[in-house]
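Structure record follows, encoded as structure tokens.
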Amino acid sequence: MKQVHFENPDVVRRYAQGPTAFVPAYEQMQRMTAQLIKEGIGEVGELLVLGAGGGFELEVFASLQSQWRYTGVDPAAEMLNAAKARLAAIDASELASWLYYRCPRRSI
């Protein structure tokens, strides 16, 4: 079976350089997003993050909102591992649960 792009360990290691290099004010955008979500769900809440691999959003959200609980979903197991490592690095592993899910391919 051919290895999927985001399950390639080399791609996953380089992924961290991408968003901040290609999206102006990426980190500030994540902080603003966290504030907007907080206005909707309050100080305590649960957040579902689809496409959570890499963990950028979850790292920012968890550092700002330690009373929230997060469920991160991604179709690439290696990317989820990277996200888990990001949360572990800020001592926030207990805030998240993880779900690896790849949609089955179907002919249309």
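The numbers here are math on the coordinates, done by the rules we state, and not lab data. This one's a predicted model, so the numbers in the text were calculated from it and none came from an experiment. We place every Cβ from the backbone using ideal geometry, glycine too, and count neighbours over all the protein chains shown.
Is the C-alpha gyration tensor of the stretch 37-92 telling us rounded, prolate or oblate? Criteria: a/c under 1.5 is rounded; beyond that, a/b larger than b/c is prolate, otherwise oblate.
Working: a/c = 2.73, a/b = 1.57, b/c = 1.74.
Oblate shape, in that a/c is at least 1.5 and b/c is the bigger or equal ratio.
Counting other beta carbons within 10 Å of each Cβ, put Met79, Met32 in order, fewest first. Present the calculation step by step, with values, prior to reporting the outcome.
Numbers: Met79 24, Met32 12.
The order, fewest Cβ neighbours first, is Met32, Met79.
In plain terms, the chain from Leu50 to Asp91 could stretch by 12.6 nm, reckoned as 0.36 nm per residue minus the Cα-Cα distance. The packing ranking of peptides 39-51, 63-75, 84-96, highest mean first, is 63-75, 84-96, 39-51, where packing means the average number of other beta carbon atoms within 10 angstrom of each residue.
Give me the mean projected area, in nm² to one decimal, of the convex hull enclosing the Cα positions of the chain. Intermediate results must be reported in sequence, preceding the final value.
Details: hull surface 32.9 nm².
Over all viewing directions, the chain projects a mean Cα-hull area of 8.2 nm².
In loop segments of the stretch 2-63 as defined by DSSP, the trypsin sites (Lys or Arg not before Pro) with at most 10 further C-beta atoms inside 10 Å of their C-beta are Lys2. Compute the relative contact order of the chain as a whole-number percentage, counting only Cα pairs closer than 8 Å that sit 6 or more residues apart in sequence. For the chain, the relative contact order is 26 percent.
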